[in-house]
Ligand SMILES: Nc1nc2c(c(=O)[nH]1)N[C@H]1C(S)=C(S)[C@@H](COP(=O)(O)O)O[C@H]1N2
Ligand SMILES: [Mo]
């Protein structure tokens, strides 16, 4: 079962910088590692025990297990509901109809599942997802997800830092990019079978320094539960400062490579979907503005934030780069 760390301090009470850069260290320092019990299986007495461990500078909230998980992002925006997050999905392997994906993906087999990890690394290997979940600290990360179609959600992911995996597999000095691939399964995935317009499998990539940024995670769950198929079970990328299409789902292959990978979207329409795809309210998509967005569940529109609100954490990656040319 997954090793889960329960944050003692509510997410929104920590400053953004601590949240993003020191959170895990902080949690380890506070001695809050929680054995091997799955969160959903925790009984109240166990929760109380855990909550009373470590120092006591902030009050734990043992009376409500759910209070241990966050309820808003660091900007104070409330989480989207589990129902919203699991019923409004982009997953073209199943359907281009966002509201049809959940039904079509229901029961899609995601266990056992292995990820083949290799390319320009010292330690290649094929890993079972269950083993990856044991190897790394699984923690909650509440992130905004901004789709290039100009809608957004706030999602409480569970996952581990991509940088932790990279440290284990040790990229060689020739490695410049990380390339990730979704499963190819024409038989099981109706969208792959029915749409030959796209060059399956879905491929995405990051520059290695982007992949090392602490915000980049491989997510294995949300709302404290394992991912459902429609959200990219059992393991998918989440890079919250980029448009949602970069966050490739249901990964079976991860390679370190020397050349910039060509993503499925670059191959399909490179003038509309670039490699970087950083959220930027000033660079419009050829067919629509990116200045504002619709938060699912809200009326009206809200302004889109540079790098989706994560500028402080990621702007250094693009210093001196032309963000219009490198969209
Ligand atoms: N393999 C794969 N990954 C994918 C997609 C897809 O169609 N196939 N859609 C992307 C897009 S456009 C978005 S907005 C997010 C949506 O993630 P969610 O459905 O979990 O909210 O997944 C991304 N990852
Ligand atoms: Mo998207």
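Consider a paramagnetic label point 7 Å from the Cα of residue 75 along Cα→Cβ; state which residues of the stretch 193-220 have an amide N under 20 Å from it.
What the label zone holds, given the 20 Å backbone N cut-off, is 214-217.
Which number do you get for Rg(Cα) / (2.2 N^0.38 Å) in the stretch 78-317?
0.95
Which percent of Cα pairs goes in each bin when the distances of the stretch 189-260 are cut into 10 angstrom slices starting at zero?
17, 47, 30, 6
Could you tell me how far the Cα centroid of the stretch 129-179 sits from the Cα centroid of the stretch 234-289, in Å?
So the separation of the two Cα centres works out to 14 Å.
Where a number appears in this text, it was derived from the coordinates with a stated rule and is not lab data. Please read these numbers as outputs of a predicted model, since none were measured by experiment. We place every Cβ from the backbone using ideal geometry, glycine too, and count neighbours over all the protein chains shown.
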